[in-house]
Amino acid sequence: MSVGRCVDGLWIGCYDNDHSEASLRRVEEALHLIKTYDRRRYERLIRDLKRVWVVVIIGGVAQFDHSIWACMLDPRHVLDETKPPAQIAASIVHEATHARLWHRGIGYQEEIRSRVEEVCFRRERAFAAKLPNGEQVRELADRELAAYANQDYWTNEAFHKRYEEGLVKATQHLGMPDWLPRIFRPVRSLRLRLTRWGGRPVGL
């Protein structure tokens, strides 16, 4: 149901048909920045990812889905005109780093999650250093590194809480009824328990 096209073999798409052209244009601008100023990283990115998909995300602005090798970007992030394309590009770099780590057998278990995220934020900083005006991207990555250094931020319980908060905002953004999040909460709680039993990551 998404509108999409390919860029250098990488599928980019948008689930919201009403804003698909604007979303795809912003993603293409971001990819062009990476390709222009950090060609080596771009070539790795298009090998490590199969898709960049603009779709509403619960509890974040971007995430990596290893089941479909996709960098997922929230449209509220992509279409925010106060954010330059370089910031969207940094998000893609971040999620592509997750993909690269997955290819190397490094997942997202709770006990290593903070270290994995540190690697991804540092790749954002390295990308910012390549940009002619990358100060804003670097400063944001620095703030995120400092803010998220706390191990408690990356626990499964913390993810669960952010999911519930994000679910309310997502349903409001999509114009859904206010009672809808109450239906999803028990499902999410069950999924969290099953995920912990199975030892698989939460929040991707």
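The values are calculated or read from the model by the stated rules, or taken from the named source; none is laboratory data. Just so you know, these numbers come straight off a predicted model, no measurement behind them. Here Cβ is always computed from backbone atoms with ideal geometry, including for glycine, and neighbour counts include all displayed protein chains. Side chains are part of the model used for accessible areas, which takes the heavy atoms of the whole protein and leaves out ligands, DNA and RNA. Shrake-Rupley method; radii C 1.70, N 1.55, O 1.52, S 1.80 Å.
Using a 1.4 Å probe and counting only protein heavy atoms, arrange L140, L73 so the residue with the most accessible area comes first.
L140, L73
Spin-label point model (7 Å from Cα, Cβ direction): what's the K50 to N150 distance in nm?
For the pair K50/N150, the computed spacing is 3.8 nm.
How far apart, in nm, are the 7 Å Cα→Cβ label points at R115 and E164?
3.1
Post the alpha-carbon centroid distance, the range 86-157 to the range 39-60, in whole angstrom.
First find each Cα centre; the distance between them is then 13 Å.
Grab the eigenvalues of the alpha-carbon gyration tensor for the range 75-175, scale each by 5, take roots, and send me the semi-axes largest first in whole angstrom.
22, 21, 13
Given the pairs K35/K83; K35/K130; K50/K161, which are separated by over 22 angstrom at their Cα positions?
Checking Cα-Cα distances, K50/K161 exceed 22 Å.
Give the long-range amide H neighbours of V54: residues separated by 5 or more places, or on another chain, with amide H under 5 Å away, using H modelled in the peptide plane at 1.01 Å from N.
G13, C14, Y15, L73
Just the Cα atoms of the range 1-129: what Rg and Dmax do they give in Å?
Spelled out, the Cα radius of gyration and Dmax of the range 1-129 are 13.7, 41 Å.
Quick one: compute the contact order of the range 86-150, relative version, from alpha carbon pairs under 8 angstrom and 6+ residues apart, as a percent.
37
For the range 139-145, just list the computed ³J(HN,Hα) in residue order, Karplus coefficients 6.51, -1.76 and 1.60, θ = phi - 60°, integers in Hz, with x standing in for Gly and Pro.
Karplus-based 3J(HN,Hα) across the range 139-145 equals 4, 5, 5, 5, 5, 5, 4 Hz.
Relative to the present Cα-Cα distance, how much length would full extension add between A126 and H103 at 0.36 nm per residue of separation?
Computed gain between A126 and H103 is 6.2 nm.
Under a 1.4 angstrom probe, counting protein chains only, how are R5, R115 ranked by accessible area, largest first?
Largest accessible area first, the list is R115, R5.
Return the long-range amide H neighbours of A62 (sequence gap of 5 or more, or a different chain), with a cut-off of under 5 Å between placed amide H atoms.
D74
Take the eigenvalues of the Cα gyration tensor for the range 23-96, scale each by 5, and report the square roots as semi-axes in whole Å, largest first.
They are 18, 16, 9 Å, listed from largest to smallest.
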